[in-house]
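A.B. asks: Input: one structure, supplied below.
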Amino acid sequence: MRKSTILVALVALGGFAACHHTTDVVPPRPTAPATPPPAPEPAVSREVRAQEDEYARIKSLSIEEIERLGLLGDIHFDFDRADLREGDRRILEKNAEVLKRYDFLLITIGGHCDERGTVEYNLALGERRSRVALDQLLSMGVPASRLKTVSYGKEAPLCRESSEDCWAKNRRDHFGVSGKSGGH
């Protein structure tokens, strides 16, 4: 009998609890649909924006300021030669990349010689040197409308000593920023 009394008591308590149950629990508020956090910006997008910012920054500079940045490298030639050396081809490839990236730059390719030889001979040699670089840049996709050549012969030396080291510095094509066009 004892088991049945306990069982009856438990059932009664359960019924009592069910009858006297108070609702202290606040019903949950409806929530707005959860918005997922924004997806992280792709690295490519940040890189493109950085390139666009760099493009705008360079474009806003004066020609003199752009020239001082040294974006374009000079190439050099062997004595009495106008053919490209392998290392200079790589410099021209880098120059072409810069010119394609900054499509507003107008460039003058100045052909230079050392002090040996006549004025006439060196002017002709300087012209051949600047034309070789021009032709190479054209073959790499730089538009002709942005490039011009000039020969300085031996009239604008970088170094004025009469030594092989100095002459080697003077046998060059210099890529000077001569202006800016509309670009993109």
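A.B. asks: If the Cβ limit is 8 Å and pairs must be 6+ apart or interchain, which residue in region 40-62 that is within 18 Å of Ser181 (Cα to Cα) pairs with which residue that is of a type in the set (Lys, Arg) and modelled with pLDDT of 75 or more?
C.D. replies: The qualifying pairs are Tyr55/Arg101; Lys59/Lys180.
Rundown of residues vs (1) surrounded by fewer than 20 Cβ atoms within 10 Å (Cβ to Cβ); (2) in contact with a Ser or Thr (Cβ under 9 Å, 6 or more places away or on another chain), yes/no style:
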site	(1), (2)
Val132	no, no
Asp135	yes, no
Ser139	yes, no
Pro143	yes, no
Leu158	yes, no
Glu164	yes, no
Val177	no, yes
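A.B. asks: When you look at Lys148, is it surrounded by 15 or more Cβ atoms within 10 Å (Cβ to Cβ) and closer than 15 Å to Asp78 by Cβ, yes or no? Show your work before the answer.
C.D. replies: Numbers: surrounded by 15 or more Cβ atoms within 10 Å (Cβ to Cβ): yes; closer than 15 Å to Asp78 by Cβ: no.
No, not satisfied.
Condition check ((1) touching a strand residue (DSSP E or B) at 6+ places or on another chain (Cβ under 8 Å); (2) assigned to a strand (DSSP E or B); (3) among the hydrophobic types (A, V, I, L, M, F, W, C); (4) modelled with pLDDT of 95 or more) across all residues:
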| position | (1), (2), (3), (4) |
| --- | --- |
| Glu127 | yes, no, no, yes |
| Arg131 | yes, no, no, yes |
| Asp135 | no, no, no, yes |
| Thr149 | yes, yes, no, yes |
| Ser162 | no, no, no, no |
| Lys169 | yes, no, no, yes |
| Asp173 | yes, yes, no, yes |
| Gly176 | yes, yes, no, yes |
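A.B. asks: So which residues in region 75-105 are part of a loop (DSSP other than H, G, I, E, B), farther than 21 Å from Gly141 by Cα and either among the aromatic types (Phe, Trp, Tyr) or in contact with a strand residue (DSSP E or B) (Cβ under 9 Å, 6 or more places away or on another chain) (or both), if there are any at all?
C.D. replies: Phe77, Phe79, Ala82
A.B. asks: May I ask you to list the residues in region 79-111 that are in contact with a Ser or Thr (Cβ under 8 Å, 6 or more places away or on another chain) and under 14 Å from Arg128 (Cβ atoms)?
C.D. replies: Within region 79-111, Ile109, Gly110, Gly111 meet the criteria.
A.B. asks: Can you tell me which residue in region 105-130 is surrounded by the fewest Cβ atoms within 10 Å (Cβ to Cβ), limited to those that are polar (S, T, N, Q) and within 17 Å of Ala144 (Cβ to Cβ)?
C.D. replies: That would be Thr108.
A.B. asks: Check region 89-108 and report whether any residue there is out of contact with any helix residue (DSSP H, G or I) (no Cβ under 8 Å at 6 or more places or on another chain) and closer than 23 Å to Asp165 by Cβ.
C.D. replies: Yes, some residue in region 89-108 is out of contact with any helix residue (DSSP H, G or I) (no Cβ under 8 Å at 6 or more places or on another chain) and closer than 23 Å to Asp165 by Cβ.
A.B. asks: Would you please list the contacts, defined by Cβ atoms under 7 Å and residues six or more apart or on different chains, that run from a residue in region 104-129 that is on the phi > 0 side of the Ramachandran plot to a residue that is modelled with pLDDT under 95?
C.D. replies: Pairs found: none.
A.B. asks: Right, another one. State the number of residues belonging to region 106-125 that are closer than 19 Å to Arg172 by Cβ, outside any helix (DSSP H, G or I) and aliphatic (A, V, I, L, M).
C.D. replies: Result for region 106-125: 2.
A.B. asks: Could you check region 63-83 and list, in sequence order, the residues that are among the small types (Gly, Ala, Ser) and surrounded by fewer than 18 Cβ atoms within 10 Å (Cβ to Cβ)?
C.D. replies: Passing the criteria: Gly70, Gly73.
The values are calculated or read from the model by the stated rules, or taken from the named source; none is laboratory data. This one's a predicted model, so the numbers in the text were calculated from it and none came from an experiment. Every residue, glycine among them, receives a Cβ derived from its backbone with ideal geometry; neighbour counts consider all protein chains shown.
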